Amino acid sequence: MQDILKQLVEISNIDPGLVPRILELLDVERASSSEKEFYKALSQLQGELPDIPKNEAIIKVVEGKKIVKYRYASMDVIRKSIQKLLTKYGFCYHFTFTQDGDNLACCCYLSHIGGHFITSEMQSKIDTSADMNDLQKVGSTMQYLMRYTLTAVLGLTTSEDNDANFIDGNPQQKPFSVIPEPKKKDKPTKIKLEKEKNKEELFGGGND
């Protein structure tokens, strides 16, 4: 760096107008080098990233039976699964949020120690269906957006959890079992109702 500064001083003595142009070219070269370093490290990182287990499930009750609506990987499991690898290859991430009425937008920044970064953005309506207060509803939507923007920016995939020990040190957890949704009962048609009525009249099904 001292050699570059010395050369710039010498050039400025000859032609001061060249210095801004040289500095601009240096910035371009530095940005290009930082970007190359970023994608090289990202390629190495993605070669070691695991499939993230879907450790949580949203359950609904239909006619007294529990139904699994969908499964997802919690933010805690995602973080524990990737943190050591991110540190190993010089990455970090953070989130920013903007709210406009009942719409919440999230931007995830994936930064490298070389200076380059990329982003992933997503927005969603704030979840108003859950039995929570207003702050909790915003927090729930934030967690949702954080999970999806982070997995998107890293190119992560999630999979069903068939191994209870997917994270070292975690207590064993029983894998989720698929609960089939009960078949819907057919609504009686007009023809069927007329047949039942005729049958009652024929066999004296009345109460008189």
Looking at region 94-137, which of the residues that are out of contact with any Leu (no Cβ under 8 Å at 6 or more places or on another chain) and charged (D, E, K, R) is nearest to Arg30 (Cα to Cα)? Glu121
May I ask you to verify whether Lys54 is open to solvent by 80 Å² or more (accessible area, probe 1.4 Å) and touching a residue at least 24 places away in the same chain (Cβ under 8 Å)? no
Looking at region 62-74, can you tell me whether even one residue there is within 21 Å of the chain's Cα centre (by Cα), modelled with pLDDT of 60 or more and either over 28 Å from Gln143 (Cα atoms) or among the small types (Gly, Ala, Ser) (or both)? yes
Of the numbered conditions (1) at pLDDT 95 or above; (2) out of contact with any Ser or Thr (no Cβ under 9 Å at 6 or more places or on another chain); (3) open to solvent by 50 Å² or more (accessible area, probe 1.4 Å), Thr119 satisfies every one except a single condition; which is it? (2)
Selection over region 93-137 where residues are over 16 Å from the mean Cα position of the chain (by Cα), of a type in the set (Ser, Thr, Tyr) and in a strand (DSSP E or B) yields a count of 2
Quick check: anything in region 138-159 out of contact with any His (no Cβ under 8 Å at 6 or more places or on another chain), assigned to a loop (DSSP other than H, G, I, E, B), open to solvent by 40 Å² or more (accessible area, probe 1.4 Å) and at pLDDT 80 or above? yes
Please determine, by comparing only the residues of region 89-147 that are in contact (Cβ under 8 Å) with a residue 60 or more places away in the chain and out of contact with any strand residue (DSSP E or B) (no Cβ under 9 Å at 6 or more places or on another chain), which one is farthest from Lys36 (Cα to Cα). Gln143
From the set of residues in region 73-85 that are surrounded by fewer than 17 Cβ atoms within 10 Å (Cβ to Cβ) and touching a helix residue (DSSP H, G or I) at 6+ places or on another chain (Cβ under 9 Å), which is farthest from Glu56 (Cα to Cα)? Arg79
Pick from region 89-116, criterion open to solvent by 80 Å² or more (accessible area, probe 1.4 Å) and not acidic (Asp, Glu), ranking: nearest to Met75 (Cα to Cα): His94
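The values are calculated or read from the model by the stated rules, or taken from the named source; none is laboratory data. In this text the structure is predicted, and so the values were computed from the model without any measurement. So basically every Cβ, Gly included, is an ideal-geometry build from the backbone, and we count neighbours across all protein chains shown. In case anyone asks, the SASA skips ligands and DNA or RNA and just uses the protein heavy atoms, side chains included. Shrake-Rupley method; radii C 1.70, N 1.55, O 1.52, S 1.80 Å.
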